[in-house]
Structures are given as structure tokens and as C-alpha cells.
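Report on the structure given below.
The values are calculated or read from the model by the stated rules, or taken from the named source; none is laboratory data. All values derive from a computational prediction rather than experimental measurement. Quick reminder, even Gly has a Cβ in these numbers, built from the backbone with ideal geometry, and neighbours come from all protein chains shown.
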Amino acid sequence: MTEFKPTILAFCCNWCSYAGADLAGVSRLQMPPNVHVVRVMCSASVKPEYVMKAISQGIDGVLVLGCHVGDCHYMTGNHRTAKRMPVVQKILKDIGLNEKRVRLDWVSAAEGEKFQKVIVDFVDEVAKLGPNPLKEVRF
Amino acid sequence: MPRIGVFICHCGHNIASTVSVEEVVRFASTLPGVIVADHNLYSCSEEGLDSIRKSIEQNKLDRVVVAACTPRTHEPLFRSVCEQAGVNKYLFEFVNIREHCSWIHAKEPANATEKAKRLVAMGVSKAALLEPQTEGESSVTPTALVIGGGLAGLRATASLVAQGIDTHLVEKESRLGGLLNDISALAPYSEDASTLLKELVDEVKASNKAHIHLNTKLQGVTGFVGNFNVVLNEAGKEKEVRAGAIIVATGARDFIPTGEYGYGSVPGVITQLEFERVLKTGEKPGRVVFIQCVGSRQPGREYCSRICCNTSLKNALKVVEAGGTATIVHRDIMSSGTVWEELYRNASEKGVQFIRYMLSDPPRIHKKATGIAAEVYDEALGERIEVDADRVVLATPLVSRVDSAEVGKLLKVPRDKHGFFLEAHVKLRPVEFATDGVFICGSARWPSSAKETMSQALGAAAKAAIPIKRGKVVIEAITAWVDADKCAACGNCVVSCPYEAIEIVEQDGKRVAKVNETQCKGCGACVAACPNDAMQQRGFTTRQLGAMIDSLVKHALEESP
Amino acid sequence: MREEHGNVGPVMISKGEDPGDVRTDVPYQLITILSNLYPWMTDGKKIAVVTRKCDEKALAEFFKRGYFARDRVIQIGLACNREQIRQCRCSDPVPSVVDIGEPHGGLDTDALSEKLMAMSSEERLRFWEYQFRKCNKCFACTTNCPVCFCDECVLEERTFVPERGVPPGMSFHMIRAYHLSDKCIECGECERSCPAGIPLLTLRKLVARDFKEMYGFSPGDEKTVSPLLTTLEGESLDGDECDEC
């Protein structure tokens, strides 16, 4: 049996987490190749609809990464993200999916190592959850 | 149907040694809308750019995708190539397969190649939906703010005021000059440091454009390039200033040993900066032993502080010239470059002794009846020798200032793990931060010599002057807009906008949201707040991002076994 | 409501007109009808509407967004009967002013909600999968929902709901659950109007419970703002210091 390799979508804000991901790259920090980063300007622009779309189409996990609260390039953008994503997680739970398939975290432009840690942890966690059951529920 | 060109960069070995570029090119050529897929050894080289330009023209491309490094540094370059070839720069999409792929999956070439393919597919699917845009402009406050009144800050301020720019110079201490106040002479030519300092301070003070704030700290910063609102705390009193650009010149401090080599317990064991003060007094230095790399190039503080070898060479020469003796106990002498190597040779010829030690067997310092003894294992002789001294000078590295953390946080600019500030890109955007309108110079960035500090300060001042002299900054066309047909005027966007850029208006008999584009900063918060699909951000529309998700689903889940 | 030719439908009565034989026992979202009517009420006249507690909450959501002028809508409070309360598993059935009907207390629990949350997540997913498979994307749930304010629905946008026909896929129901999380007044209209019999009200109730637990917020109060539209201000930001700074 081959080891399950989850497919993960990550939204990174241009100012902090995308820069943090770049720093992780520049620092050659190694991590599993399952995460696909989509650059957005602010985590607050990540429509929960994207997350639900991805999950309902079978993506195994979705990461939303923003600046630390208090450090948002747009002042309070990440406050909204911090409010919205837990609702998405609860809806996942309510329909019978594991809410851990969606994770919100904060990575600053200087935190290449934290980016690596978040990726390694999340990939590991989603791998443990197994494939997204909705992959088979394609109706 | 769009005509998309995909260009995959080898980045020398940086990408190509992990990702099979040829395979990605083959894959890209099969993607819908792709007219041509090609690869370049270095897409950002003149040759690479030229081939992209030619390909756009020959193949009549109307969308361009480059898969290479990060858009945070190279996007403007490739956008300008598109423009030169007659393609609107917003029809360009960047795919990051270096920082986000080859560099972080170095040991998994096959998986990295598959991931690179998926990332390219996602980029192409977004590119197909890109639309041309026109950019807006915003005005600039014609004032600069320099944080730090040491050599870097003074030099930058002098340059800015000489260009006729009103400049606020903020210094937390009660006097200008920073570390330079304590230094006797500057390597390699031993110019008098106080003369340089006086000249600079006089130059700044003579200008009516310079506004000096002593005993002042940075308290708050809001705004963006062209229009920063800065709150200063001037001796306990709050003061607000506005600035178009900000230069960080907060410098560094010398590392104070924590008991190493008898520091604090053996009289006569002092730091290099303390020795500078001794030299300033004109006191006879006597027999001096310099110990290099005290607190640097070791676990926990791995970096080389770069300036300490040259400082020791300069001071050792002074000791010898004053009739004393000088021994430099070092791990390697770092004095590369023409003038510095000459300084080293000169010191050597004038009788300065050099003894090499190893990190595993550092020198030991003993107190003697008269003076101090330094016991060193001499690698060349293969034996332990003792050097008598009146003074032992510890060459400690420059370390970041504690308050650099606060400055970094207020300005939202990054620092490395040692607390030094990080530039946007060491080669492509030196002395600039990734945050537009904020610049960096001097030892706050990395331990720098006086000469380097001044060069950087001039560079930072020149760059800070660009938006101020232009009088306007171009607003990237990533602002929001409303699809009035879909808008139900629920007002979620109005509440969510951090810049109060959206209002509900009556339009053709219907209440709809309207975005004021000069106020919009392109964060997209309104997009996610909109319960419908009415609010859109240029370059990040829901269709574009949705297409990326669809593409990932298609290539990762449907087409893989 | 008035019965005509065996059908019960809403009826509009003008000032001075004899109301005749009207009924108040049929669950019907009059606010949905009012919201369709309101744009045509250009004469500035007032309208009275029979409001149960859920209608009252729906009105609050409309007033909050400035859709209706408060002084043009007069509420006639209607207390729901036991059968209505049972059907909606309604916990809060008594309007602030009761003009018609006998007030009855609400129900504390929704049996299906309890049953679902007692299930394993696999079972719960199987349950909803079975239910959502029945969905034929008729949009009755959104059309009849009093607090779905949009004219054109985001669920008709192919970015979010694939245009593959029916059933529409999970995202349809997940996105709708999210959109209603801060405004659903639990009137149960979606469930009643669903021709496939999907227990949509139960899903609303599950999300509402989570939302209330997280943010202490329930929709339907004109004075409160949805937490999705506020910042974290006033809430502790402790424990979120960047390691580097």
C-alpha cells in the first residue's frame, strides 16, 4: 500500500505568509511537496466559498495563512479571517467532515521556519485523517 | 480564446537541478490556451527577457506565464517585458517554482516536478482569465522620516536635505552620532571619527530642511508609501508627523561579553569599543592583546560581524605606532579587498603579531602580579605560549538593538533570526524593504563599516527621494470593483473595508455598493465579506482563483493515479 | 392568509376594506413577500404585516441593513400554535407583542440535531450525503428564505457550484450554511419548501448552535452586529505574538 499523500491548497497573503514561504525557500527549509500556494493580497480576501469549493471537490486540506493579528498590512484584515474560518470549520464538522481539514495560522515575513513547521504539521495531520471522503462523493 | 505563452526558468541549477524543466515545458504545452511553452537558462537575464519578448511578438501572445522565482521580487521585471512587447502588464502571471518548489523539495526531484506542473497548470488557468488594467495614482507627502541619528541616519538626512527634501531625523538618545561618538578613528586610513561626525552634524544642522527630534522614539505608524502618518514620542510628548518615505537607520550595538576571557573580573580586559574610548584619550596603550570573534562565529551567534578584524588591525597599528606592542589572537583574519589587505600587510610589517586559535581551544586569560597573561595554543608552533599584556581587548561583534523588534513591528518590516532587518532582496532591491516606501541602511541591516554605512545611507536616501521627487505613486491595479447586477446593497463590504473606501449609492434606480478607487488599497477584504459574487478584486477575481482551484483538483485528483 | 378555491395564500387588505374570512394558522414567510413588495411601495404609505417571532427577527435583519424604513412597517404580533412550534422545533416562538393567538412556550431540543451530533462523523457525513443527493437545485430554499437578500444567488455562480446539473454537490449546501450562519432566523421555510424533504432547518440549527457558542451571537436582533463584520477588538490577542518580534 502506498502512503497517502494529501493534496493541499494554501492561501498566503502577499505581505506576510507568502513572504514567509519565500524565506523558507531561500533558507532551503525542506518540506513535503503536497502544498500548493495561491497568493492573495490579504487573508481577509479569502472567501470561505473558496475553501468550501475546494473541500467539496475533494481537496484534502486547505490552509489559510495570514499576518499575525496586529501585524496585518491592511490593519484589521486578518481579524475578519480569524472570525470567518472557525465558522467554516464548524460547518465541516456539522456535515460530518473533520474540521482539521481547514487550518488558519499566522506566519510573518520573517518566519520561514514557522512556515516550514506549519506545512510539515498540517501535511502530517491531514495525512493521518486520510483522503477527503468527498473525493468519492462526487455528485 | 486566449493565446498564452509559458516560460519556464532553469534559474541555472536552482530550479533545473531538482525540477525537470523540459518535462514541465512539455506538460505546459498541452494546457488549454497555451500557444507556446519554452524554457530559459535564466529568464531574468537580458537573453532570457529578449527571448520572451520575441516569443510574444512572433506568436502574437496575449497572456504570459513565467514559472521561476517569486513575484515579490521579479514580477515588475517580467511585467515590463510584457509591456515592451505590447501586452498589458496585468496580463502576466507569475508561478513560483523555486522558493515554493525546487528549493524546498530538493531531495524529491520527481515529486517536485509533478508539483511544478500543477503549479504551472494553476497559473495558466488563472492567466487565461486575466484582464488588462490601467493604473491609478496617489499624491505623496514631500517629507522624509529617518529613524536613527547615527552615522547612517545622519548621512541619509544630509543627502535628503541637500536634495531639498524636508526630513525628520529621529534619535532616541539626547545627542546625535550613535556609536560614532565612541570611536577614535576610522579604518583603514585612521581618519579622525569626531571630525567626520562634526562635519555631518554641522551639515545637517545648517539646513533648514532638517527637523531633528532628540530623545524621541517611534510610537506608531499608519499609512503607506507616499502617505505615512507617524506618531513620535518626543521626551514623553506625542507628536504627529507625516512622511512620504521612511528610512530605518537604527544601527546596532556592540556585544557585551558575559564573563568570557575574564571580562568583568580581570582588570584590563575590555571590549574593542571601550578600547576606542581609551585611544580617544591619548593614553599610552602599552602591551595589547586583541582576541577576535568573542561571541561570534560560534553556536547561537554564527555570523561574522565583518568589521572587527579590520578594527583590530587599525587599533593594533595605533598601538605599535604609539610605542606599544600588539598581538592579534584570531581564528582567521577577514580583511579581504585591496585597502584592507594592505592594512593587514602594513600591520604585519610594523610588527603586529598574529596567533591563530581554534574555537575548540580558546585563549585563557590570567591575572598576573603586574598585568595580564594570555595563554594561547599556537597552531603553527604546535605548543602553548604565553603572551604578557597590559590590556586584553575583546573584539566582540555588532548585535541588533533590542528596540529593533519594536521598530520592525511598527513598520511591519521583517528581521532575521539575529534581529537584523531583512531587505526586500539583497541583489535586486538592496536598501529597500518589501514594504513600499520604507528603506534600510547601516548596521541595522548587517554589521557594516563606516564607509559601507555611508554608501548604503546615500543609496537609501536616493531611493527614498524617488517617490517624493516624483510627487506621486502609482497605485497597482488591484483595486476592488462591484458587479452592480449582483449587488444587493447589504453593506457587508462597507463595514469590512479598513479604508472606508466603499459606500452604498443609488445607481439606475437601484441601491448598490460603490468603491472609491483612490482610497482602495487592494486588500480584498470586501470580496470575502460579500455574500454574493458581486465584489471583485482586479487580478484576483473569484473566477480567476476559482479556476486555480479547479485546475488543482483536475491535475492532482483527477489525472493522477 | 385567505382560503380561495381550496388553496391558502397571502392576501393584501387595503385600509377600510373588510378583511372577511382570514386565517392566521398557515406558516408562511410574509417577510419574503414583503421584501418583494417593498420596492413597489413608492407612495410612501405604511404597511402592516402579521409577524410571528421569526418574522420579527427577519424584519430586524432587514431594518439593520437599511432595506426597509422602520416607520413604514407595522407589526401585528402573532403567537404560533403548538403544531407550528412542533414543526419548527422552535425554541423562541413568542413575538414581543402578541396581538393574535395564544402564546405557547418553545421547545428546547431538536431531536434530529441531537441524533446527528451523537453520530460518528462518518455516519453524519453519510446522512447528509444521502440528503444532499436528493437536492435537485430548485432554489426553493433560497427563493423562500426571508433573509436571502440577493437577487442573483451566488450559488448560481459556476465558480462555486459546478454547472454539472443535479445534484449540485456539497459546496451548494456548505456555502449556503455559511451565508446563513450570521443571519438565519430559523423560520424553517427552507425545510418546508424543499420538495426533496431535506431537513435543512436541522442544518441551520446545528450551525446556529456553533455560531452562538463561538461568538455569543444569534441573528434577529436589530441592535447587534454580526461578529463576521467586526474586528477582534475588545477580545484578547494574547498568545499571538510573533516569535521573531
What number of residues within the stretch B:302-331 are over 18 Å from B:E342 (Cβ atoms), among the charged types (D, E, K, R) and buried (at least 17 other Cβ atoms within 10 Å of the Cβ)?
1
Cβ-Cβ under 9 Å, sequence separation 6+ or interchain: first residue in the stretch B:96-125 and at the interface with chain A (Cβ under 8 Å from one of its Cβ atoms), partner among the basic types (K, R) and part of a loop (DSSP other than H, G, I, E, B). Which pairs?
B:W103/A:R28; B:I104/A:R28; B:A106/A:R28; B:N111/A:K5
Filter the stretch B:413-443 for residues that are touching a Ser or Thr at 6+ places or on another chain (Cβ under 6 Å) and over 21 Å from B:M334 (Cβ atoms); which is surrounded by the most Cβ atoms within 10 Å (Cβ to Cβ)?
B:V413
What pairs come out if I take residues in the stretch B:369-385 that are under 17 Å from B:A326 (Cα atoms) and pair them with residues that are in a strand (DSSP E or B) and of a type in the set (S, T, N, Q) whose C-beta lies under 9 Å away, six or more apart or interchain?
B:A374/B:T327; B:V376/B:T327
Quick one: in the stretch A:30-55, which of the residues that are of a type in the set (V, I, T) and outside any helix (DSSP H, G or I) is surrounded by the most Cβ atoms within 10 Å (Cβ to Cβ)?
A:V46
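Please state which one of B:E423, B:E342 is within 25 Å of B:L180 (Cα to Cα), charged (D, E, K, R) and not in a helix (DSSP H, G or I).
Numbers: B:E342 fails: not in a helix (DSSP H, G or I).
After ruling out the rest, the residue left standing is B:E423.
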Step by step: first the residues of the stretch B:377-426, then only those that are among the β-branched types (V, I, T) and modelled with pLDDT under 90, then the one that is nearest to the chain's Cα centre (by Cα). Which residue is that?
B:V426
Might you let me know whether the stretch B:388-397 holds any residue that is within 14 Å of another protein chain (Cβ to nearest Cβ), farther than 16 Å from B:G262 by Cβ and either crowded, with 21+ Cβ neighbours inside 10 Å or in contact with a helix residue (DSSP H, G or I) (Cβ under 8 Å, 6 or more places away or on another chain) (or both)?
no
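Would you confirm, using the coordinates I've provided, whether B:E23 is surrounded by 17 or more Cβ atoms within 10 Å (Cβ to Cβ) and not hydrophobic (A, V, I, L, M, F, W, C)?
no
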Selection within the stretch B:508-561 - more than 7 Å from chain A (Cβ to nearest Cβ), in contact (Cβ under 8 Å) with a residue 40 or more places away in the chain and at positive phi:
B:G539
Within the stretch A:56-85, count every residue that is of a type in the set (G, A, S), within 7 Å of chain C (Cβ to nearest Cβ) and not in a loop (DSSP other than H, G, I, E, B).
2
Of everything in the stretch C:50-90, what is within 14 Å of chain B (Cβ to nearest Cβ), of a type outside the set (A, V, I, L, M) and surrounded by fewer than 23 Cβ atoms within 10 Å (Cβ to Cβ)? Give them in sequence order.
C:F62, C:F63, C:K64, C:R65, C:G66, C:Y67, C:F68
Find the residue count for the stretch B:174-207, including only residues that are small (G, A, S) and assigned to a strand (DSSP E or B).
1
Take the residues in the stretch C:167-188 that are aliphatic (A, V, I, L, M) and at the interface with chain A (Cβ under 7 Å from one of its Cβ atoms), then tell me which one is nearest to C:N144 (Cα to Cα).
C:A177
Kindly check whether there is at least one residue in the stretch C:8-29 that is part of a helix (DSSP H, G or I) and closer than 30 Å to C:L229 by Cβ.
no
Please pick out the residue among C:V161, C:V207 that is touching a Phe, Trp or Tyr at 6+ places or on another chain (Cβ under 6 Å), crowded, with 18+ Cβ neighbours inside 10 Å and of a type in the set (V, I, T).
C:V161
Step by step: first the residues of the stretch C:19-50, then only those that are among the hydroxyl-bearing types (S, T, Y) and out of contact with any Asp or Glu (no Cβ under 9 Å at 6 or more places or on another chain), then the one that is nearest to C:F149 (Cα to Cα). Which residue is that?
C:S35
Name the residue that is farthest from the other protein chains (Cβ to nearest Cβ), counting only residues in the stretch B:462-505 that are among the basic types (K, R) and in contact with an Asp or Glu (Cβ under 7 Å, 6 or more places away or on another chain).
B:K472
Against the conditions (1) closer than 20 Å to B:D388 by Cβ; (2) under 31 Å from the mean Cα position of the chain (by Cα), where does B:V288 fall short? Just the number, please.
(2)
